[in-house]
Amino acid sequence: MNSGTPSSSAAGAGSADSTAPRRNSKRPKYSRFTQQELPACKPILTPKWVIGTFLLVSVIFIPIGVVSLFASRDVVEIVDRYETDCIPEALRNDKVGFIQSDRSKTCQRTLRVPKNMKQPIYVYYQLDNFYQNHRRYVKSRSDQQLRNNGSLQDTGPCKPEDNTAGGPIVPCGLIAWSLFNDTYGFTRNNQQLNVSKRDISWKSDREHKFGKNVFPRNFQNGTLRGGATLKPNVSLSEQEDLIVWMRTAALPTFRKLYGKIEVDLQRDDFINVTLENNYNTYSFSGKKKLVLSTTSWLGGKNDFVGIAYLTVGGLCFFLALVFLLIYLIKPRQLGDPSYLSWNRNPSGH
Amino acid sequence: MKRYVYINDDNLAKDIYCDNRISNRKYTILNFLPKNLWEQFSRFMNQYFLLIACLQLWSLITPVNPASTWGPLILIFAVSSSKEAWDDYNRYLLDKKANEKEIWIVRQGIRKLIQAQDICIGNIVWLRENDEVPCDLLLLGTADPQGFCYVETAALDGETDLKTRSIPSACMGIDVDLLHKIKGVIECPSPNKDIRRFDANMRLFPPFLDNDIFPLTIKNTLLQSCYLRNTEWACGVAVYTGNQTKLGMCRGIAEPKLTAVDAMIDKLTGAVFVFQIVVVIVLGIAGNVFKDKQGRKLWYVQYPKEGPWYELLVIPLRFELLCSIMIPISIKVSLDLAKSLYAKFIDWDVEMVDPETGIRSNAANQAISEDLGQVEYILTDKTGTLTENKMIFKRCCISGRFYGNESGDALTDAQLLNAASTGSADVILFLKVMAICNTVIPVRSKSGTISYKALSQDEEALVCASARLRMVLENKNGNILDINFNASPMQYEVLDTLEFTSDRKRMSVVVRECQSGELFILSKGADETILPLTYSGQQVRTFAEAVEQYAQMGLRTLCLAWRKLEEDEYQEWTSMFKEANSTLVDRERRVAEVCQRLERDFEILGVAAIEDRLQEGVPETIEILRKAGINFWMLTGDKMSTAIQIALSCNFVSPEPKGQILIIDGKTEDEVCRSLDRVLLTTRITESESKDVAFVVDGWALEIALKHYRKPFTELAILSRTAICCRVTPSQKAQLVELLKLCDYRTLAIGDGGNDVRMIQQADIGVGISGREGLQAARAADYSIGKFRFLKRLILVHGRYSYNRTAFLSQYSFYKSFLICFIQIFFSFISGVSGTSLFNTVSLMAYNVFYTSVPVLFSVLDKDLSERTVMQHPQILFDCQSGRLLNPSTFAGWFGRSLFHAIVVFVITIHSYAFEKSVMEEVAMVAVSGCIWLQAFVVALETNSFTIFQHLAIWGNLVGFYAINWIVSSIPTSGMYTIMFRLCEQPSYWITMILIVATGMCPVLALKYLRYTYRPSRINLLQQSERLGGPILSSGIIEPKSRSSLDKDIPTDSVYEPLLSESPSATRRSAGPTQRLDSVQSQSPPHSTHTRKDN
């Protein structure tokens, strides 16, 4: 038929289009990519492969689980919860009042070593229910100021612990301000056990995050007293307790390294701990624990990984068995065309 | 509104009308940024992200550095802006080239060379052969003494033949030198976009002819972007310039089409947004409660006693920012990239290149490839789309004698040849009409052979046939035609041409035989418009029978008629005709009325039957697409019997007794109503049987049905898989598309000619065939292909893959965003519900932009089934049509998976990195690594075919992740300094990763395996058989099983419910007025096999 009808919007879409038909007639280049014919491997989930995979996973996972569990069990760990015990019984009704008072907070604890512990023995303090990851807390620090002597005034994120009447606080912010201030002294058989406080922080932090020529200023001079004070004449890069504390924890239960005991402890040794119970965890009913622990290739004592591996491995083995049984009992031919619904429709011929 | 153009007047009009500067640009340098930004921000997603980004600037609530949102946002904006800018710059360059082209014009009576952009209305422009016309001109003079010139209008309407243009009679005979001085006024309509009409008048000033108004038509114009051909020179006066030319007005920005997939993604995004708000509110309340109950006791946090007034809002807003990653910022970019690649694959496909013409397929609209896979209705034109539009004169019936036997065509029929050579008067007259009554232009090549340039294929066929029968149209010199019959020349002068319009359905010419001076009107047209115009007394029964007989062979018929005219009758008529032609208002109707006065009392000479062969592969293509569950409607301008014949040979309908054709006809409302009711009733009854029912309706009945019986007709449209609509006009075609769209079907319209343009633009997907009727349809369409048979590949291969890939890509984008967002939410529960972000800025930013976008982008290369399998089992398209791969339930699956994976990552991370290892930065990186590892395996599990690119992307991405993090970890000032190095040294890190992957993937793998083996989807079944070389491949075509064996085979499993209960329409539409009808349809059995019929 003639295209004799007027068609209003039919004409070309602009001068640019006038070349389209010409360009169009060029034959496209052939390549396997443009034709979507790249060689491809097309795996499908055959029973053989799937059951094999599950078996393989279980074969790998169960030994790893066992090894991990052994590693974790090899770690000797002494945990002593002391926050309640270190308050005189008479004053336990008002723990917050006690901790805020000026009484002597020295407390004696005795720990029994259950197994031989090889040096180095790590001394941790563990806090529970302490939200170092709280939004207000975790941001309240100034990395600039910590690193650089020239950035004293860089206290932007530190509020409300940023300035005192005497100038900016170094190190500023809530994290530094709330520095943990319980102290521990260890004796074994009335002999002083030396706790090394060197190299308990990350080397990279000491060298690059905390300046060698940055010194504390106006620290804990404000109206509110937070945690520990810092030695005024020691540069921040050597205040290792601070550096450790400033590595904020992701969980409300965390351990931080207090020091290292660099002698072996024998089984059934009794260790006397003289601790200064200064830190206030009572107002938010947090727990405080003293932990002495050795370490393994996987880190501290943590059964989770081992158990998880054993569970996953076991489950995979179980699944492999189930699949195998189903496969044997109710075999099914893959890709049987009679399962295609349109092949089974009686009206299809 | 009218405009007055004063010819050659340098003072006037300069300021009133715009100059000839063409501008296709969307932006200028100054307004680019604001305009582009405004456009981008008119999208909801972008507004959302901007709001989030602005909120992040408030340091009190931002969990991370604002860069984590600003970075990607700016990147995304920059990418799309620079694309826009680049396109606009190219448009600018093209415009500039056109604007600065040098053109000869007349100023102050002197010919001058100026730039095209300085042409003003009223300027006289001189063109030489092969020049492009710079603006819309009214022709004043040409090199041709008769005042003709030839133009090629391909750039305007895509028609490649040469068109004749003539100067207005007023300018006839004006000397070349005088043309410089010509003065006058042209009264023409204000700029409009109708390229087929120019209803204007002209009056010349003294010393030229005066006081006589001359009518002007489109025939007197040279439109912008046409080329002057075969004419030494031409000159004309500029009437429309710049962007006000016909071409400029036609230029419109098409409404962007939204695919069903896009709509679904938008819907899901909305749902996610609501979910996010709920989460934010819940967490916000929890956070405030925790703060009051617990937070104030945390002395180290130092909550102020009295907060600002907005204190209660702070925590919810923080959570809003934390959860904003739930809506992936990268999804738009990823999808756009993927879509443009789908379009490229269509462009590149060598199997969709027409081997004859070398025309390749082209996806003009890059954004809607997924819709191809979801097509439910195809509305197709007949001529040129299903058929080749290569007309061949096959048979004829001249004064009651039938020429052309069963085997041969009329041209080889000895009887006809004999009659022609012996000079039988009837036959000679018949041949004369064939040779003269047309608008064909003969072009004599240098070697002396004559070729014909014709607008209409029918005319070309007739002229060629008459030439074979020794009546040769040799030359057309202005109005004078040279005819050579049996080596004796004849001359005719064409006085008037009564043009073809689709309403008149006939064309006539008034000619004067130069020797005898006798006047004739020769006419040809469709039988129903010619046969009623005979003089009383002529028997038309034989002709009507001939028409019927030819139509049943699927031939197109034309009736040829003539009448002698008396001189005074003609003179009287011609003045009326001139008058009608010079009306400005409603010219077409008035002209048609006047034409009718002359077109009467015809003597019918005979019927010519023209064959239009089916294109190669059409029946197979239709059969496969019908098997794929696509319903076909044929909309044609042809007559009913021809249409039915073609429909049968195209596999539209199975022949009796399997198929049944129901005809709706009638001239009055009542008749149509009765007929419609009857057909509807039959259709409802036969729906339960597996009968192939098609209804046929003609344009007249269709108009009544659409006007008065819309509801029953809609029901019929839904019930019937096939419809044949004949004698329909372009606007009716568009109406039918609209009707189906209103029923919520995905429609594809395919056509090749200008009359299909409206339908193509109306449909969800428009496909144009770059055929012999020009490129008009192909221009307007979203996809243009060379041949109808490529439609099969376009839909089944490209459409299906695109849908599958986008379904995965979009859902995966949400999965990975949910994954990281859930971890953030879980973390907030162990951080005092205070809105702390576990992840740092770098990780959050890179997670969305790099780590998780790159591997999944390569899923655009994924192929779930090979092309061959899809072609063998087109039924698999059901899954795409019904949206099986992307719908709320599959989305829920991905949601569940992300929740599970988030729990796995979170629980394992916080337990294996507990106590002394619980350093914020380390835990964060362990969790991020866990997500990256998991998503790599998820992509791997969901990939059906691994090419080298997928391996590179999936596993290379892991390497990239570590590389990026090592780099960031080596910058001392970054918060992540040394973290990644420390982690990678720890055995516990790697052990944790393996644990996360195994715990996350084993259940997913087990579930997938169980479904794959024991409840396989149809895609799975075909995958299995394809890859294991199962029986499907070996047999090729499936033999239908006998009933008895079937009964045993069918398991009672609910998965194997009958096909049609899961047919696309049943699952998709659940609400709305069509529900009842759907339930009827869903019980219908499939019409899966049809016996093919050779054409």
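The values are calculated or read from the model by the stated rules, or taken from the named source; none is laboratory data. Owing to the predicted nature of the structure, the values given are computational and were not obtained by experimental measurement. Please note: Cβ atoms are built from the backbone with ideal geometry, for glycine as well, and neighbour counts cover all protein chains shown. Quick note on the areas: whole protein, heavy atoms, side chains included, nothing else; ligands and nucleic acids left out. Shrake-Rupley method; radii C 1.70, N 1.55, O 1.52, S 1.80 Å.
Some observations on this one:
- Filtering the range B:550-568 to residues that are of a type outside the set (A, V, I, L, M) and in contact (Cβ under 8 Å) with a residue 24 or more places away in the chain leaves B:Y550, B:Q552, B:G554, B:R556, B:T557, B:C559, B:W562, B:R563, B:K564, B:E566, B:E567.
- Output for the range A:165-191, where each listed residue is more than 18 Å from A:V214 (Cα to Cα), in contact (Cβ under 8 Å) with a residue 40 or more places away in the chain and part of a strand (DSSP E or B): A:T183, A:Y184, A:G185, A:F186, A:T187, A:R188
- Residue count for the range B:379-429, restricted to those that are of a type in the set (A, V, I, L, M, F, W, C) and farther than 23 Å from B:D638 by Cα: 10
- Single residue of A:N272, A:N280 found to be assigned to a loop (DSSP other than H, G, I, E, B) and either in contact (Cβ under 8 Å) with a residue 40 or more places away in the chain or among the hydrophobic types (A, V, I, L, M, F, W, C) (or both): A:N280
- B:W894 vs. criteria within 41 Å of the chain's Cα centre (by Cα) and modelled with pLDDT of 95 or more: yes
- Count of the range A:170-229 residues which are of a type in the set (V, I, T), away from chain B (no Cβ under 14 Å) and closer than 24 Å to A:T281 by Cβ: 3
- Of note, B:K453 does not satisfy the criterion of being more than 14 Å from chain A (Cβ to nearest Cβ), within 18 Å of B:L522 (Cβ to Cβ) and open to solvent by 40 Å² or more (accessible area, probe 1.4 Å).
- Search result, residues across the range B:162-199 that are among the β-branched types (V, I, T), assigned to a loop (DSSP other than H, G, I, E, B) and open to solvent by 30 Å² or more (accessible area, probe 1.4 Å): B:I174
- When A:K197 is tested against (1) closer than 23 Å to B:T973 by Cβ; (2) modelled with pLDDT of 90 or more, just one condition goes unmet, and that condition is (1).
- Tabulated pairs, the range A:138-155, first open to solvent by 60 Å² or more (accessible area, probe 1.4 Å), second in a loop (DSSP other than H, G, I, E, B) and of a type in the set (S, T, N, Q), C-beta under 7 angstrom, 6+ apart or interchain: A:N149/A:N213; A:D154/A:S142
Yes/no per residue for (1) open to solvent by less than 10 Å² (accessible area, probe 1.4 Å); (2) under 34 Å from the mean Cα position of the chain (by Cα); (3) touching a residue at least 40 places away in the same chain (Cβ under 8 Å); (4) at positive phi:
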| site | (1), (2), (3), (4) |
| --- | --- |
| B:F632 | yes, yes, yes, no |
| B:Q645 | no, yes, yes, no |
| B:I664 | yes, yes, yes, no |
| B:T682 | no, no, no, no |
| B:D692 | yes, yes, yes, no |
| B:F695 | yes, yes, no, no |
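- Considering (1) open to solvent by less than 10 Å² (accessible area, probe 1.4 Å); (2) in contact (Cβ under 8 Å) with a residue 60 or more places away in the chain, the lone condition that B:I979 does not fulfil carries the number (2).
- All positions within the range B:905-921 that are within 18 Å of A:G306 (Cβ to Cβ) and either in a helix (DSSP H, G or I) or under 52 Å from the mean Cα position of the chain (by Cα) (or both): B:V907, B:I908, B:T909, B:I910, B:H911, B:S912, B:F915, B:E916, B:K917
- One residue stands out among those in the range B:59-100 that are free of Cβ contacts under 8 Å to residues at least 60 places away in the same chain and not in a helix (DSSP H, G or I): the one that is nearest to the other protein chains (Cβ to nearest Cβ), which is B:S59.
- Long-range neighbours under 6 Å by Cβ, at least six apart or interchain, first residue among the hydroxyl-bearing types (S, T, Y) within the range B:284-306, second open to solvent by 40 Å² or more (accessible area, probe 1.4 Å): B:Y303/B:R296
- The residue list B:A953, B:A936, B:A924, B:A902 contains one member that is in a helix (DSSP H, G or I) and either within 9 Å of chain A (Cβ to nearest Cβ) or free of Cβ contacts under 8 Å to residues at least 60 places away in the same chain (or both), which is B:A924.
- Among residues of the range A:18-43, those that are facing chain B (nearest Cβ under 7 Å) and at pLDDT below 85, counted: 7
- When B:E593 is tested against (1) surrounded by 13 or more Cβ atoms within 10 Å (Cβ to Cβ); (2) within 41 Å of the chain's Cα centre (by Cα); (3) assigned to a helix (DSSP H, G or I), exactly one condition is not met: (1).
- Among the residues of the range A:105-133, those that are within 13 Å of chain B (Cβ to nearest Cβ), more than 22 Å from A:K95 (Cβ to Cβ) and not hydrophobic (A, V, I, L, M, F, W, C) comprise A:Y122, A:Y124, A:N133.
- Applying the condition of being more than 14 Å from every other protein chain (Cβ to nearest Cβ) and out of contact with any Ser or Thr (no Cβ under 6 Å at 6 or more places or on another chain) to the range A:271-304 and asking which residue is most open to solvent (accessible area, probe 1.4 Å) yields A:T274.
- Residue check, B:L321 out of contact with any His (no Cβ under 9 Å at 6 or more places or on another chain), more than 23 Å from A:K139 (Cβ to Cβ) and of a type outside the set (V, I, T): no
- Within the range B:722-796, helices (runs of 4 or more DSSP H) holding 2 or more residues that are within 11 Å of chain A (Cβ to nearest Cβ), among the small types (G, A, S) and within 15 Å of the chain's Cα centre (by Cα): B:776-780
- Whichever residue in the range B:973-1017 is farther than 24 Å from A:D205 by Cα and basic (K, R) and, among such residues, is modelled with the highest pLDDT: B:K1008
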